[in-house]
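The values are calculated or read from the model by the stated rules, or taken from the named source; none is laboratory data. Just so you know, these numbers come straight off a predicted model, no measurement behind them. Note that we place each Cβ from the backbone using ideal geometry, even for glycine, and neighbour counts take in every protein chain shown.
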Amino acid sequence: MSKPTIFSTRIKELHTKYNYTQKQMGNYLGISTRQYGYLEQGHFTCTYEAVIKLCAVYNVDANYLFGISKENRYPFLVSTVETQLNFNI
């Protein structure tokens, strides 16, 4: 059984903070609800494109998601990214 990673722990905390459901996040990333749940548990990996989408929707930088930095130092410009990704949760 896989142990949760910093990445999986942070995306779980963020999805709770922003009141998104796993179903909404799975749809946004183009994966099933179950796969998103596995992602939060550390049992599933995602693509680079999915990481960028997660950074955009949660307004965080990848260094924060991966645990390289403890603080979110470079928030994404969500308004720009939402337009580019046709964000619709």
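Sort out for me the helices (runs of 4 or more DSSP H) sitting completely within the chain that have 2 or more residues that are under 12 Å from the mean Cα position of the chain (by Cα), modelled with pLDDT of 90 or more and acidic (Asp, Glu). So that I can check it myself, show each step before the final result.
Working: elements: 6-17, 22-29, 33-41, 48-58, 62-65, 78-85.
In the chain, no matching helices (runs of 4 or more DSSP H) lie anywhere.
Which residue pairs have Cβ atoms under 7 Å apart, sit 6 or more places apart or on different chains, and have a first residue in the stretch 36-51 that is surrounded by fewer than 17 Cβ atoms within 10 Å (Cβ to Cβ) and a second that is part of a helix (DSSP H, G or I) and hydroxyl-bearing (Ser, Thr, Tyr)?
Within 7 Å, the pairs are Gln41/Ser8; Phe44/Tyr38.
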